[in-house]
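First comes the structure, then the notes that go with it.
The values are calculated or read from the model by the stated rules, or taken from the named source; none is laboratory data. These figures come from a predicted structure and were not determined experimentally. Glycine gets a Cβ as well: all are built from the backbone with ideal geometry, and neighbour counts include every protein chain shown.
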Amino acid sequence: MLAVERRRLIAESIRSRGVVSVAEMAEALGTTEITLRRDLRAMARDGLLVRTHGGAIRPASSGHEPSYSEKAQQAATEKAAIARVALAMVRPGDSIVLGPGTTTLALARLLVHCPELTVVTNSLLVAQALMEAPRVEVILTGGTLRRSIHALVGPATEESVRALRASQAFISGNGFTADRGLSTPSPVVAATDRALAGAAQHVVVLADHTKIGQETMCQTVPAVRVHTLITDSKARASELDAIRATGVEVRVAESGEHVESQRATA
C-alpha cells in the first residue's frame with residue numbers, strides 16, 4: 001500500500017474515532033509499526049494529528065472537547081512526571097482543590113497515602129481514586145454530570161465552592177499560552193474551572209507539552225491569575241519563556257523517558 005493511501009486511512013480513522021493506536025493501525029493496514037510511526041510523524045508535521053505515547057489523537061481545535069479516552073492516551077509518561085512534581089507541593093494538613101482531567105487524576109492517585117488532607121473535587125474519577133485513602137477527607141461538589149470528562153459542572157458546582165477557601169487549586173485544561181492563560185473548548189467547563197480556581201489562594205495549572213502554546217475557545221483563568229505552571233521537558237522553551245514573563249512560576253518535570261534519552265546521548 002502506498003504511503004498516501006495509508007495516511008488517508010489513518011486520517012479517516014482519526015476523524016471517526018478521535019484516537020488511533022500504532023499497534024492496531026499497523027495490523028489493520030498490514031504494515032510494520034516502524035512504517036506506521038513514520039506516517040504519524042509526517043502527519044503530525046502537517047498538523048493532521050497529535051502524536052501520543054503509542055499512537056495519535058485528533059488535533060485540538062478551538063471548539064472540540066476531547067473525550068476522556070482521547071486524553072488518557074496522550075503524553076501519559078509526561079503526565080505522571082508532572083503529577084510527581086505537583087505532589088511535592090502538597091503538605092500534611094492542606095486543603096486543596098482538584099479539578100477534572102487525566103493529569104489531576106494522576107496526582108490524586110499519588111495522594112492516597114497523604115495524612116490529614118482535605119480534597120475538594122468535582123471529578124468523579126478523582127473521588128473514586130481517593131476512596132482508598134482513609135486519611136484524606138473528600139468533599140465532592142454538586143452539579144450536572146458532564147460525561148465526556150467524568151465531572152460535575154454548572155451553576156450548582158460553582159455555588160458549592162463559592163464559600164470555600166483552599167490553600168491550592170490544581171487544575172488542567174486544553175491549552176495554555178502567555179496571552180490567554182488556561183483555556184478549554186466548553187463555556188460551562190470554563191466557568192466551573194474558574195470557580196474552582198477562585199476557591200484557592202494559590203492556583204497551579206498542570207499542563208503537558210501538548211497543551212503549551214495551544215488556545216481553545218473559552219478562557220478559564222488568565223495567566224496573571226495563575227501562580228504556578230507545571231509542565232514537562234518537551235514543552236517549547238520559547239512558549240515557557242513568554243509564560244514566565246507574565247509572572248507565572250514555571251516548573252518543568254523530567255519524565256523517566258526523557259532522562260533515559262539524555263543518558264543514552266551522554
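When the residues of the range 126-151 are narrowed to those that are touching a residue at least 40 places away in the same chain (Cβ under 8 Å) and among the aliphatic types (A, V, I, L, M), which ends up surrounded by the most Cβ atoms within 10 Å (Cβ to Cβ)? Step by step, filter the range 126-151, then rank; the result is ALA151.
Looking at GLN214, GLN168, GLN219, just one residue is within 16 Å of the chain's Cα centre (by Cα), outside any loop (DSSP other than H, G, I, E, B), in the same structural domain as ALA106 (by TED's automatic domain parsing) and not aliphatic (A, V, I, L, M), and that residue is GLN219. Restricting attention to the range 128-165, the residues that are outside any strand (DSSP E or B) and farther than 21 Å from ALA207 by Cα total 23.
Taking first residues from the range 199-219 that are within 14 Å of ALA235 (Cα to Cα) and partners that are buried (at least 20 other Cβ atoms within 10 Å of the Cβ) and charged (D, E, K, R), the Cβ contacts under 7 Å between residues at least 6 apart in sequence or on separate chains come to ASP208/GLU78; ASP208/LYS79; ASP208/ASP232; HIS209/GLU78; HIS209/ASP232. In the range 5-46, the residue that is modelled with the lowest pLDDT out of those that are surrounded by fewer than 13 Cβ atoms within 10 Å (Cβ to Cβ) and outside any helix (DSSP H, G or I) is ASP46. Residues in the range 101-127 that are assigned to a helix (DSSP H, G or I) and touching an Asp or Glu at 6+ places or on another chain (Cβ under 6 Å): none. Exactly one residue out of VAL161, VAL189 is of a type outside the set (S, T, N, Q) and either surrounded by fewer than 23 Cβ atoms within 10 Å (Cβ to Cβ) or under 28 Å from LYS234 (Cβ atoms) (or both): that is VAL189.
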